[in-house]
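Report on one structure; see the data block that follows.
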Amino acid sequence: MLKPLYTLLLGCMLILPITANSMNIKDYHKDVMTGTNGKVDCTACHGDLKRKSIPDAAVCANCHGSPQDVAKLTKRPEGAGHSVEPNPHDSLHYGTDLPCTYCHQEHKESKVYCNQCHEFTYPKMKR
């Protein structure tokens, strides 16, 4: 009875590295996350935490800058009025406190968190 269970567990352990490296990764992150051996280095974002953990915002800041830095990069032009959508990184409701992972997803399509109530398109958003 235990032999089939052990066989199943062994099979899962052999498949796990293949599955982890076949995760969908955005093109612009592949250089950062691929090690010299050609395999994806999950610790680049997840650290030593479990693979399915959400990366800490500080990890994003290592490459992209602080939330305030990102907000400056996506600032609306002066006098743009309503012709330009609001700055998604400096929200009227949340300021710069909204975690990156509420919108930005690495292994699936990103989404605009604000669109739970609004209808913003953010045409330059990397998906």
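The values are calculated or read from the model by the stated rules, or taken from the named source; none is laboratory data. Keep in mind that what you see is a predicted model, and the values were worked out from it rather than measured. Note that each Cβ is placed from the backbone with ideal geometry, even for glycine, and that neighbours are counted across all protein chains shown. Side chains are part of the model used for accessible areas, which takes the heavy atoms of the whole protein and leaves out ligands, DNA and RNA. Shrake-Rupley method; radii C 1.70, N 1.55, O 1.52, S 1.80 Å.
Inspect all residues belonging to region 78-92 and state whether any of them is touching a residue at least 40 places away in the same chain (Cβ under 8 Å), open to solvent by 60 Å² or more (accessible area, probe 1.4 Å), in contact with a Lys or Arg (Cβ under 9 Å, 6 or more places away or on another chain) and not hydroxyl-bearing (Ser, Thr, Tyr). No, there is no match, as no residue in region 78-92 is touching a residue at least 40 places away in the same chain (Cβ under 8 Å), open to solvent by 60 Å² or more (accessible area, probe 1.4 Å), in contact with a Lys or Arg (Cβ under 9 Å, 6 or more places away or on another chain) and not hydroxyl-bearing (Ser, Thr, Tyr). If the condition is being at pLDDT 85 or above and of a type outside the set (Gly, Ala, Ser), then region 49-59 contributes 54, 55, 56, 59. In this structure, does residue 19 turn out to be assigned to a helix (DSSP H, G or I) and modelled with pLDDT of 90 or more? When the stated conditions are applied, residue 19 does not pass them. Residues of region 105-127 that are of a type outside the set (Lys, Arg), free of Cβ contacts under 8 Å to residues at least 12 places away in the same chain and part of a loop (DSSP other than H, G, I, E, B): 105, 117, 118, 119, 123. Among the residues of region 25-73, those that are open to solvent by 50 Å² or more (accessible area, probe 1.4 Å) and of a type in the set (Lys, Arg) comprise 30, 39, 50, 51, 52, 72. Please enumerate the residues belonging to region 93-127 that are more than 27 Å from residue 52 (Cα to Cα) and surrounded by 12 or more Cβ atoms within 10 Å (Cβ to Cβ). Once the filter is applied, which keeps residues that are more than 27 Å from residue 52 (Cα to Cα) and surrounded by 12 or more Cβ atoms within 10 Å (Cβ to Cβ), region 93-127 yields 95, 120, 122. Looking across region 55-98, the residues that are acidic (Asp, Glu) and in a loop (DSSP other than H, G, I, E, B) come down to 56, 78, 85, 90, 97.
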